[in-house]
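See structure below.
Bear in mind these aren't lab numbers, they're just calculated from the coordinates by the rules spelled out. The model shown is predicted, which means the values in this text are computed figures rather than measured ones. Here Cβ is always computed from backbone atoms with ideal geometry, including for glycine, and neighbour counts include all displayed protein chains.
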Amino acid sequence: MSKKILVFSASPRRGGNSDRLCDRFIAGVKAAGHSVEKVFLRDRQINYCTGCGICSEQGKPCPQHDDMPDLLQRMIDADVIVLATPVYFYTMNAQMKTLIDRTCSRYTEIRNKEFYFIVTAADTDISAMQRTIEGFRGFTSCLPGAEEKGIIYGVGAWKVGEIEQTTAMDEAYQLGKAV
């Protein structure tokens, strides 16, 4: 059965290390015959959550006018969601955190999804990436029926393109193919 996969690339630079891993994951997904869409967060207008309470306290849609309602609907419609971020100071970057925070108005509708996490960092110690993974897990633990399926650690990559010399590129392809 073909799955609908949604990949969120939070890299602030197109072709950055985490973005390249997204592309390798997508190549694997396509080889397996699934449909896939990549959303490059830098190209989207996603405002910060203001904590106004309109969604949580009044049950109304978020009053902000940006790209988030469309992205949130895509998350609800997807079978698989991939969250990819460079790791800055041992946590996810602002673009990814902003996306996650803005799911507040409909997060309970993001149900029964498979999740994959892609993280990249200059640090070579995978254990140093655990804060970022725990941040992702904090989000997915709030989603009914969310299932973590895999993690790609792109470590030891600081400059653009350094990820190409790591085993993470093949790992991303193989994990995408196994979706």
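Assorted remarks:
- Shape index of the stretch 97-179: Rg/Rh, with Rg the Cα radius of gyration and Rh the Kirkwood radius from the inverse mean 1/r over Cα pairs, equals 1.01.
- Mean Cβ neighbour count within 10 Å, used as a protection proxy, ranking 122-133, 97-108 highest first: 97-108, 122-133
- Burial ranking of peptide ranges 142-153, 44-55, 80-91 (average Cβ count within 10 Å, highest at the top): 80-91, 142-153, 44-55
- Note: relative contact order over the stretch 21-137, using C-alpha pairs below 8 Å and six or more positions apart, is 28 percent.
- Here the average projected area of the convex hull drawn through the C-alpha atoms of the chain stands at 9.6 nm².
- Segment residue 131..residue 32, full-extension length gain: 32.5 nm, with 0.36 nm per residue of separation and the alpha-carbon distance subtracted.
- Proximity of backbone amide H atoms, modeled 1.01 Å from N, is registered between residue 39 and 7, 8, 9 at under 5 Å, excluding neighbours fewer than 5 places apart on the same chain.
- The stretch 1-55 and the stretch 114-133 have their alpha-carbon centroids 16 Å apart.
- When the C-alpha to C-alpha distance is required to be over 28 Å, the pairs from 4/159; 3/97; 60/97; 38/149; 60/149; 60/177 that qualify are 4/159; 60/149; 60/177.
- Computed helical MRE - 222 nm, the chain, DSSP H runs ≥ 4 contributing -39500 (n - 2.57), nearest 500: -9500 deg cm²/dmol
- Computed from the C-beta positions of residue 147 and residue 65 and an R0 of 25 Å, the FRET efficiency is 0.15 to the nearest 0.05.
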